[in-house]
Structure formats: C-alpha cells, structure tokens
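These notes are about the structure you will find just below.
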Amino acid sequence: MLLRIIPFEIRKLFEQPMIHLFFIASLLLNTIYIVTAGLDQSYLKYIQETEVTTGYLITSEFREKLSAQSASKEQQRLLTETAGAGNVFQHYSTEALGQEMIDFFQIQGSFAEKLKRKYEKLTPVVHELAEEQASLEVGAAGETMNFFTFIRNRLFRVVLGESLIFALLLGLYGSTSERLTKTDVLVMSSKTGRKTQVSKYVASFILTFLFYVTMVMLTFGIFNYLHPIGILWQTSMSTQFHVNVYFPQLLEIPFIPWQSMTLLNYTILSIVLGGLLIILCHGFNFLVGLWTDHLFRGFIVFVVIYVVLLGMEQIANQLGWWNMHSLLMWHPISLWQIQGYWFTEMGPYATIPWQESIAMIINIFLLGIGGILTSKFYSAKEVK
C-alpha cells in the first residue's frame, strides 16, 4: 500500500510552484556564474595544442620543444610559468608539513600529537605522487589554479548549497504538509494514516535527490559547453600549479589528497560525498518536522542548531580548545563548511585519513538511529 502511495506523494510535491521556481532560479544563477567566471580559455587551448608536441610533463625535453615553437605571447608566458619547475614531492617531508600546520594555527596539547600522527600516515601518499611525477603535470600552467578552484571550490559549492537548501525545505515540508493543509487530524489519527509519513519521506527524498543529480548534470554540462577544458579533466590535482590554501592568514601548501586523483576523479568523488550530505540534510529536517509538527518551527530549530554549532566552533577556535574543535569537525554542518578541503590532509580540520568520508557514513548511521527513535515517538504521539 505504501509503495502505491509514493507516486501520488511525488506528484503532490511536484505540483508545488515553488519547486519549479527554485529549480529555474538555481539553474539561471549557475549559468550566470559560469558565463562570468573569467577563465582564460584561449591560454588553455594554446597549452593543450602545444602539449601534442611537448608532452604534458615539465621536463628538459618539454622546455626544449617549447622553446622551438614559434614565438608568441602565450609561448613566453608558458616558458616563464614552467621555468624552474621540479618534482615538488621528490624530497617532501610530511613531518615538516605537520609541524608547519601546528605552528601556523598555534595548536598545542594532545591535538598537536594527533596531527603529527596523521601527517606521518601521509608519507606513503607523497612517495606515490613523487613516483608519478604528479607535480610536473602542466595542466593549464598559471591558469590551473583558476580552473581547478572554480570547479571544485565555487561551482560545485554553489550546486551543493542550492541542493542543501532544497533538501532542508523539502524535508520539512514533506513531514509537515498535512498540518499545512489542515488534514493532519484526518490522516494522522489512525495507525495506517501515520504510516503514510514513510511514503512522504521516500517521495520527498526522491525529489530531493533528483534535484541534486539534475542540477549537477545540467550545471556541469553548461560549464563544459561554455568552457570546454578537454584533457584538463585528466590532470592531477597535485600539480604544482594547484595548491591548498588555509586561512585566516595565507598558508599555501601542495594539494595532497589521500589518494592520487585527477580533476575528474576528484569532482566525481565530491559529487558522491555531496550526495551523502544531501541525504543527511533531508533526513534530519524530515525528522525535525515530525518532532515540531510545524514547518516554520522546524526551520527555526534548524537555524538555532546551525547558529549554536557555528558559535561553538568560533569559541573553540578563539580559545584554542582544539579537542572540542576536533569533535565539532565530525558534524555535517562542519563537513559542509570545509568542502573545499575534502579528501586532502585537511590541516586542523581532521585528525585521521579520509575523515570527511568516515564522518559522513557515521552521521548517516546516526540518522538511521534517529529515524527509529522518532518512529517510536511518532506512533504514540497525540494528534492535536
């Protein structure tokens, strides 16, 4: 019976005008963002045409062949940007990197020891990158950082942010729609009626996930049409032209993921992990809607939790409470905030390898437990 209800619940949700308006507005915003990206497509095209004869690794042979090319502004720029390039990871010390991170953020106590152990585990990864000569890949040379940062840190972040807002609203609306239409007393007063919330959850989840998948496909499709980057998708994320940047002051270090990745691999993994975050956001807010029994009250609860967690994180950072800071980094909201560091060593935002992925799986498990507890509460809840 519940399976038969799901298509009707999906149709009810899909008939809401705000869903169409939000989708159109998001896609329009993303298109404008892509059009105004300011990426130097002509320089990338020149490099990719040049790589046919020079190769994609910056070696002495690369420089010789590049020097033999006909003189142009692009040639001189590429010669300048690749001059003195070497294998960054050949003699790179992860222990020194860990100490640099500890000094930069002024970390003390047991948290500093955890970071040291984490960076010791990074050593085999650096050795692998050195053997692959990942840092010598030319990519888009001086434009690599602009392209990579725009794709992973800006464009994907915008898509993920829109999808999280959609998941938040649809999760709350899905569990409170009967209250909004004042049919809750009729539907939810029976045991069978209350079970329809399972159908509502599935329906709103399907629509949320479809929004995310469609938005990813259309947005990246538009990007690839307006900015065809070709073989740049196959460039290593650890090329020396692409670095990881930590704030509030400026600390630039090599981009070191826990496994050698190309831009395409990294983007796909980010999309997958973003999908898990969508599941968390939708599921959590659906449960909040059931507990509060009101869309607006549920939204206020979410905002309060969001603000409290952000406030706790700021206090922990200001007072140097690094152990509390470490615990807060396992929360979905913190995982969303540090999206730009996913799959890397993550500086002070992680104490173990692949922490963001492990944290996401743990949070989904906790969401499942929350769903079981909520179902027990909801089955005995009095309808007012």
Between 0 and 90°, nearest 10: helix 41-54 axis offset from the chain longest Cα axis: 50 degrees
Descending principal axes extents, the chain, alpha-carbon based, whole Å: 81, 50, 31
Helix-derived mean residue ellipticity, 222 nm - over the chain, DSSP H n ≥ 4, -39500 (n - 2.57), to 500: -22500 deg cm²/dmol
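At 0.36 nm per residue, minus the direct Cα-Cα distance, what do Q318 and W233 gain on full extension? Give it in nm, one decimal, please.
Details: separation 85, 0.36 × 85 = 30.60 nm, distance 3.91 nm.
Computed gain between Q318 and W233 is 26.7 nm.
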Computed label-point distance, nm, for sites M217 and K116 using a 7 Å Cα→Cβ extension: 5.1 nm
Dipole in debye (nearest 20) - segment 2-379, about Cα centre, beta carbon charges: Lys, Arg +1; Asp, Glu -1: 1820 debye
14 Å reach of a label modelled at T123, 7 Å along Cα-to-Cβ, counting backbone N of segment 58-100: 91-99
Difference of contour (0.36 nm per residue) and Cα-Cα distance, S60 to Q249: 64.5 nm
Where labels lie 7 Å past Cα in the beta-carbon direction, separation of T31 and D103 in nm: 5.1 nm
Under 23 Å, Cα to Cα: Lys pairs in segment 2-379, sequence gap 8 or more or different chains: 14
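Each reported figure results from applying straightforward, stated rules to the coordinates on display, with no laboratory input. These numbers come from a predicted model, not from an experiment. We place every Cβ from the backbone using ideal geometry, glycine too, and count neighbours over all the protein chains shown.
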